[in-house]
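**Student:** Sharing a structure below in structure tokens format, with a few things to ask.
Throughout, read-outs are computed from the coordinates displayed, never taken from laboratory work. Because the structure is a prediction, the values reported are computed rather than measured. Note that each Cβ is placed from the backbone with ideal geometry, even for glycine, and that neighbours are counted across all protein chains shown.
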Amino acid sequence: MKSTGAQAIVKSLQAEGVEVVFGYPGGVVLPLFDALYDADGIRTILTRHEQGATHAADAYARVSGRVGVVAVTSGPGAANTVTGIANAYMDSVPLVVITGQVATHVLGTDAFQETDITGITIPITKHNYLVDDAADIPEIMAEAFHIASTGRPGPVLIDVPVDMFRAEIAYRFPERISLPGYKPTVKGHVKQIKEAASLVSKARKPLLYIGGGVLASNAAKELKELAELMQLPVVTTLMGKGAFPEDHHLYTGMPGMHGGKFTNYAITETDLLFAIGVRFDDRVTGKLATFATKAKVVHVDIDPAEIGKNRGVDVPIVGDARSVIAGVIERLRKMNAQPRTDAWMRVIDDWRARFPFHYHASETSIMPEYVVERVRELTKDRPTIYCTEVGQNQMWACQYLRIREPRTWASSGGLGTMGFGLPAAIGAQLARPDHLVIDIAGDGSIQMNSQELATAVINKLPVKVVILNNGYLGMVRQWQELFYDRRYSSSTLPQDCPDFVKLAEAYGALGLRATTPAELDDALLRAFEHDGPAVVDVRVEREENVFPMVAPGGSIDEMLGGIPGGPVSEMLDGELLEEVWE
Amino acid sequence: MRHTLSVVVENKPGVLTRVASLFARRGFNIDSLAVGETEDPTLSRMTIVVSADERALEQVTKQLYKLINVLKVQDLDPREMIDRELVLFKVNAPADRRAEIIEIANVFRAKIVDVGRASLTVEATGTSEKLAAMENLLRAYGIKELARTGKIALARGSRDA
């Protein structure tokens, strides 16, 4: 069947089951937008900035489990997707980004709106393509979706010169693709799985260290089964939130810089760190030399390059988390292995009780932690997806929300991208129209992509933005307070500029403000009950810090702030410990 | 430690950039790099000489495998490989010293490939050690210009299955 290159792309999107394309048109990508204009089954969401489109597609992918798709023009359009692509790359999110490019005959001449986007994105894409023959488009599209969504997921970019969009080709969706250099290992090595099961059955103080890989492989069910079978405590990283219910008795918090003290103690004390779909990120490990030094390490990841990258490993297992966990469970059942973590769980429960997250409540001033707690309580009984911006707001969201289901949490982990939350909420709402979608925001971060309020209003996406407005770049200010002598260089933002209520109203969204604790619930409830997008400007205590905190480069069991407690060696209850060791 | 990596890649535009960019951003220095088509015109072989400890080498190998266009990465065992490099030396050669230079070239089984009024151009192939020895000797006459291909290498035939 004859089609233009642009029509071929749309047919490929339809064949891949794509329902939403996020994008922004411009000169050379017009043939593609023309083909999208009346494309059956595909909704094109016009954002107000290409970065917004990319973050929206990113969160759409995180929440739906499908590939997020972006279409933008060349030059500035393509360049504006770079932060979003880098964000998706760091967090292993499957995206296909289609960029228009200047015509083949002027490529390389610095033509109007020409930029070498394939060159720019080599380090931040899983793979990218520059189409030089329109006949290749069907294969390239199929390859791009395959690469983006399999193995360790990630963004793939396809740069399409305008003459390639226009060229006539014979369209045929390829039945199979040939990628001789790309064969992810899915099934873990049987011997290694046996070894891991044997270590789990023997460990007295085991700990499951769970990351985004478990969500990417849809392994939450298997994880819960494994944890319950052997009564293993579970810590989830920021990226792993939702992989294990946070109201479960085995849930042991988030580790790392702003994680739980009890969580970091557990990591420091564990004798078997069973790491699945994690990458031993520096924000988790702190000083590597003192990280989990008593532990043997089992590391499961589908990306071989992550295994042994930061931390030596005793049992490496390359494979898909779901298949490997199922294998370990099967083996443990065959061995008739019995849980032996009763005393260890009591140690952890004791720490959890002694070192909960903690803040000083106030009757006059709204504490930011209180806001997150109220959001948690007011949304407890309804399906909710939580997005965050980046900074203090994000860390408080990590500490005080309870994420209970997979794919109900979207936060920028590896890249720490301010401005992620609002477009992410838009993408999440499109993926799950029936869910309440909330963006926990800061007054700094929200301003990086607040233009997307227009996208939410126009497309009737009733996202709720809860701004913890402290009039600072809060996390920057916190570091300046702690490490730069309180010299608040370039970190102060006037709390009333912009007026977020008027800003919301200017876009046609509901704008609300809370300045005292007494006003908070009412404002939040009104926002959540409103049938359109809403912004709640919550004026919070200005100089509250996120505690506890591991100093940059410090050991994770030595935390600043929070409830006083020394290094783990001083925190062990003697009697309990004897039981663990007996 | 120095390693010679033999990397088979798809012969497509941009693959060299991907490989070079990976080495740069992961902080590995390339000592030399040579690329060319293999017996199969759809494939190229890159011979990359890199200084790295075992752990860094393992990491760079795994990262190379993550590139979609990379098919095979071999760390060649120095005792089990054939490696060669080609160097062109343009050497100062006044009439009265030409014979000496030609003599040196002969000893190293090198060839005189161009003769100028005041210079000779010598083409030499061999291992890095041999070429370094030759360069040392030619230095005495003054090397005006030098160009080298970078090392290429293959595993020895005895290593084949």
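**Student:** Report the Stokes-Einstein translational diffusion coefficient (µm² s⁻¹, integer) for the stretch A:342-442, Rh taken as the Kirkwood radius over Cα pairs, at 20 °C with viscosity 1.002 mPa s.
**Tutor:** Calculated translational D: 143 µm²/s.
**Student:** For chain B, calculate the relative contact order in percent as a whole number, restricting contacts to Cα pairs under 8 Å that are 6 or more residues apart.
**Tutor:** 27 percent
**Student:** Can you classify the stretch B:2-76 as rounded, prolate or oblate using the Cα gyration tensor, where a ≥ b ≥ c are the square roots of its eigenvalues, rounded means a/c under 1.5, and otherwise it's prolate if a/b beats b/c and oblate if not?
**Tutor:** Since a/c reaches 1.5 and a/b is larger than b/c, the shape of the stretch B:2-76 is classed as prolate.
**Student:** Output wanted: per-residue J couplings in Hz (rounded whole) for the stretch A:547-561, from phi through Karplus 6.51 cos²θ - 1.76 cosθ + 1.60, θ = phi - 60°, x for Gly and Pro.
**Tutor:** 10, x, 8, 8, 4, x, x, x, 6, 6, 8, 10, 10, 7, x
**Student:** Given contacts defined as C-alpha pairs under 8 Å and at least six residues apart, what's the relative contact order of the stretch B:2-76, whole-number percent?
**Tutor:** Reported relative contact order: 49 percent.
**Student:** Search the structure for amide H atoms under 5 Å from the amide H of B:Lys144, placed 1.01 Å from N in the peptide plane, and list their residues when 5 or more places away or on another chain.
**Tutor:** HN-HN under 5 Å from B:Lys144: B:Lys90, B:Val91, B:Asn92.
**Student:** Further question on the same structure: Could you tell me how far the Cα centroid of the stretch A:64-98 sits from the Cα centroid of the stretch A:135-194, in Å?
**Tutor:** 16 Å
**Student:** What are the semi-axes of the equivalent ellipsoid of the stretch A:190-354, taken as the square roots of 5 times the eigenvalues of the Cα gyration tensor, listed largest first and rounded to whole Å?
**Tutor:** Square roots of five times the eigenvalues give 20, 19, 15 Å.
**Student:** So, counting K/R as plus one and D/E as minus one, what does the shell of residues with Cβ under 13 Å around B:Arg117 add up to?
**Tutor:** +2
**Student:** For A:111-123, what's the mean count of beta carbons from other chains sitting within 10 Å of each residue's beta carbon?
**Tutor:** Across the residues of A:111-123, the mean count of other-chain Cβ atoms within 10 Å is 2.
**Student:** Which pairs in the list A:Lys126/A:Lys460; A:Lys126/A:Lys294; A:Lys241/A:Lys287 are over 30 Å apart, alpha-carbon to alpha-carbon?
**Tutor:** Beyond 30 Å between Cα atoms: A:Lys126/A:Lys460; A:Lys126/A:Lys294.
**Student:** Evaluate the distance, in nm, between pseudo-label points positioned 7 Å from the Cα of B:Glu103 and of A:Asp282 along their respective Cα→Cβ axes.
**Tutor:** 6.0 nm
**Student:** If you count, for every residue in A:98-110, the Cβ atoms of partner chains within 10 Å of its Cβ, what is the mean?
**Tutor:** 0
**Student:** Taking only the alpha carbons of chain B, what extent do you get along each of the three principal axes, in Å, biggest first?
**Tutor:** 57, 33, 33
**Student:** Hey, another quick one. Is chain A rounded, prolate or oblate when judged by the Cα gyration tensor, a ≥ b ≥ c being the square roots of its eigenvalues, rounded requiring a/c under 1.5 and prolate requiring a/b larger than b/c?
**Tutor:** Oblate, because a/c is 1.5 or more while a/b does not exceed b/c.
**Student:** Now for a different question. Are any of the pairs A:Lys187/B:Lys12; A:Lys261/A:Lys309; A:Lys187/A:Lys334 more than 29 Å apart by Cα-Cα distance, and if so, which?
**Tutor:** Checking Cα-Cα distances, A:Lys187/B:Lys12 exceed 29 Å.
**Student:** Oh, and also: Any idea what Rg and Dmax come out to for the stretch A:186-268 if you just take the C-alpha atoms, in Å?
**Tutor:** Answer for the stretch A:186-268, Rg first and Dmax second: 12.8, 37 Å.
**Student:** One-quarter of the Cα convex hull surface for the stretch A:206-247, in nm²?
**Tutor:** 2.6 nm²
**Student:** Follow-up question, since we're still on this one. Could you give the angle, 0 to 90 degrees to the nearest 10, between helix A:220-230's Cα long axis and the longest principal axis of the Cα atoms of chain A?
**Tutor:** 20 degrees
**Student:** Okay, next question. Taking the mean number of other Cβ atoms within 10 Å as a proxy for protection, how do you rank A:75-87, A:205-217, B:3-15, A:14-26 from highest to lowest?
**Tutor:** My ranking of the peptides, most packed first, is A:205-217, A:75-87, A:14-26, B:3-15.
**Student:** Follow-up question, since we're still on this one. Net charge near A:Pro304: determine it from the other residues with C-beta under 13 Å of the C-beta of A:Pro304, scoring Lys and Arg +1 and Asp and Glu -1.
**Tutor:** +1
**Student:** Taking the Cβ of A:Thr81 as the center, what net charge do the other residues with Cβ under 12 Å away carry, scoring Lys and Arg +1 and Asp and Glu -1?
**Tutor:** After counting each charged neighbour, the total is -3.
**Student:** Sorting check: for A:92-101, A:369-378, A:300-309, which peptide has the highest mean count of neighbouring beta carbons within 10 Å, and how do the rest follow?
**Tutor:** Top to bottom by mean Cβ count within 10 Å: A:92-101, A:300-309, A:369-378.
**Student:** In whole angstrom, note down how far apart the Cα centers of the stretch B:93-161 and the stretch A:204-278 are.
**Tutor:** That distance is 62 Å.
**Student:** Would you mind calculating the relative contact order of the stretch B:67-155 from Cα pairs under 8 angstrom and at least 6 residues apart, reporting the percent as a whole number?
**Tutor:** Once normalised by length, the contact order is 45 percent.
**Student:** Angle, helix A:342-354 long axis vs. longest principal axis of chain A, Cα atoms, 0 to 90°, nearest 10?
**Tutor:** 80 degrees
**Student:** Measure nothing fancy, just the Cα-based angle from helix B:128-139's long axis to the longest principal axis of chain B, in degrees from 0 to 90, nearest 10.
**Tutor:** 30 degrees
**Student:** Would you please give the residues with an amide H less than 5 Å from that of A:Thr47, counting only those at least 5 places away or on a separate chain, with H modeled from the backbone geometry?
**Tutor:** Those lying under 5 Å, H to H, from A:Thr47 are A:Gly23.
**Student:** Which residues' amide hydrogens lie under 5 Å from the amide hydrogen of A:Ile158, considering only partners 5 or more residues apart or on another chain, with H built in the peptide plane?
**Tutor:** Answer set, sorted by chain and number: A:Val97, A:Ile98, A:Thr99, A:Tyr129.
**Student:** Ok, one more. Counting only other chains, and only Cβ atoms inside 10 Å, what mean value do you get across the residues of B:62-73?
**Tutor:** 5
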